[in-house]
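Here's the structure we're looking at; comments come further down.
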Amino acid sequence: MRLDEAAIEAELRRRPEWVREDEKWIVRRYRFPSFPAAMAFAQAVGEIAEAAGHHPLIAVDYRAVTLRLSSWQAGGLTALDFDLADRFDAAYRRFVPEERPAERAIDLNADVGEAAGEAAALELELLSHLSSVNVACGFHAGDPDGMVRTVRAALAAGVAVGAHPGLPDRFGFGRRWMDLAPAEIEAIVLYQLGALAALVRAEGGRLAHVKPHGALYNRAADDPAVAAAIVRSVLKFDAGLFLYALAGSALERAAREAGLRVVREGFADRAYTADGRLLSRRDPRAVHRDPARIRAQALHLAAGEAFPSAEGTPVRVAVDSICLHGDTPEAVAHARAVRAALEAAGFAVRPPGG
């Protein structure tokens, strides 16, 4: 019998290494010390599947084996799929006693200090699940009182604090491009860095990084002049800061050329185009809501593995940090689940530089 959504979510929570794909599949990628070991495991999988009368899709890729399970006759996932997943996991432990690889690190960040009232309380609840936060600096959102509260809570939680400078457009939440000259962009970014850094220092901390917001971030991904203006601001303020940039963007290239420490960022809850760019928020598919899809995309990003783009073709993005948006009611639940899945997969969740 096909399982309902609640039952599937419960089964996946007990098996964080398995992720859901395209609604009707569960998938796990197993890693091995050698190609012969991977082939031997694939053979064992075949024997287990034949005995059970239920067969997965098997892909062998040098020192890895990827298994996909679904029940065709039921048109989705059944208890048999999860039972077979457990048998495959038990077989894997026989081939690789030390199941998890050596510790790999990934940063988990969110944009905060952008909300008020109950939404602001939810933002602060996010902190215990993150390793870094990007605090709005008063232009697109936030105010001095809110910045102080957010900084104080982040430092108390041991979370790295970064500046999240945006365009001076509170009505549009900084998501509408403004035709500013490079010198103007440089000035507004410097202004916001100085404001937040002063508040962080007053609370006994130190500013760790910079991540542009909204239209400024997106424009810098493709416009070298905007990217260069942001880089100049960071260099003038503190060349030791990390600069978060969309992986593969003009901002990443400009920062590397200037000698800045770059953090390549990916998004667990945003749809990507086939060329590795974020799908425009004007597209209704731009923001993921499905918890299983968000968790799966986070794991693929952390491992450097391909995942489905908005067009349906595979896209691969190499990242050092994964962002979750804090402006949805489900943000805390998403962050909790993503962190648990990352840690279960062997990732240490920590800010850049440790």
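The values are calculated or read from the model by the stated rules, or taken from the named source; none is laboratory data. Because the structure is a prediction, the values reported are computed rather than measured. Glycine gets a Cβ as well: all are built from the backbone with ideal geometry, and neighbour counts include every protein chain shown. Note: accessible area is taken over every heavy atom of the protein model, side chains too, but ligands, DNA and RNA are not part of it. Shrake-Rupley method; radii C 1.70, N 1.55, O 1.52, S 1.80 Å.
Consider V189 carefully, then state whether it is touching a residue at least 24 places away in the same chain (Cβ under 8 Å), in contact with a Ser or Thr (Cβ under 6 Å, 6 or more places away or on another chain), buried (at least 20 other Cβ atoms within 10 Å of the Cβ) and of a type outside the set (F, W, Y). Give the steps one after another, and end with the answer.
Values: touching a residue at least 24 places away in the same chain (Cβ under 8 Å): yes; in contact with a Ser or Thr (Cβ under 6 Å, 6 or more places away or on another chain): yes; buried (at least 20 other Cβ atoms within 10 Å of the Cβ): yes; of a type outside the set (F, W, Y): yes.
Here the answer is yes, as V189 does meet what is asked.
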Among the residues of segment 232-251 satisfying the criterion of being in contact with a strand residue (DSSP E or B) (Cβ under 7 Å, 6 or more places away or on another chain) and open to solvent by less than 20 Å² (accessible area, probe 1.4 Å), which is farthest from S132 (Cα to Cα)? L251
Hey, among the residues in segment 114-128 that are touching a helix residue (DSSP H, G or I) at 6+ places or on another chain (Cβ under 8 Å) and at pLDDT below 75, which one's farthest from T328 (Cα to Cα)? A116
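For (1) of a type in the set (V, I, T); (2) closer than 23 Å to V234 by Cβ, each residue gets a yes or a no:
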residue	(1), (2)
S128	no, no
V135	yes, yes
D179	no, yes
L196	no, yes
R206	no, yes
Are there any pairs, at least 6 apart or on different chains, whose C-beta atoms fall under 7 Å, with the first in segment 44-62 and over 26 Å from G76 (Cβ atoms) and free of Cβ contacts under 8 Å to residues at least 40 places away in the same chain and the second aromatic (F, W, Y) and open to solvent by 60 Å² or more (accessible area, probe 1.4 Å), and if so, which? Y62/F35
Pull up segment 302-336, narrow it to residues that are part of a helix (DSSP H, G or I) and in contact (Cβ under 8 Å) with a residue 60 or more places away in the chain, then point me to the one that is nearest to V65 (Cα to Cα). A303
Kindly indicate whether G174 is outside any helix (DSSP H, G or I), open to solvent by less than 10 Å² (accessible area, probe 1.4 Å), in contact (Cβ under 8 Å) with a residue 12 or more places away in the chain and touching a Ser or Thr at 6+ places or on another chain (Cβ under 7 Å). no
What residue, among those in segment 192-219 that are basic (K, R) and closer than 23 Å to D169 by Cβ, is surrounded by the fewest Cβ atoms within 10 Å (Cβ to Cβ)? R219
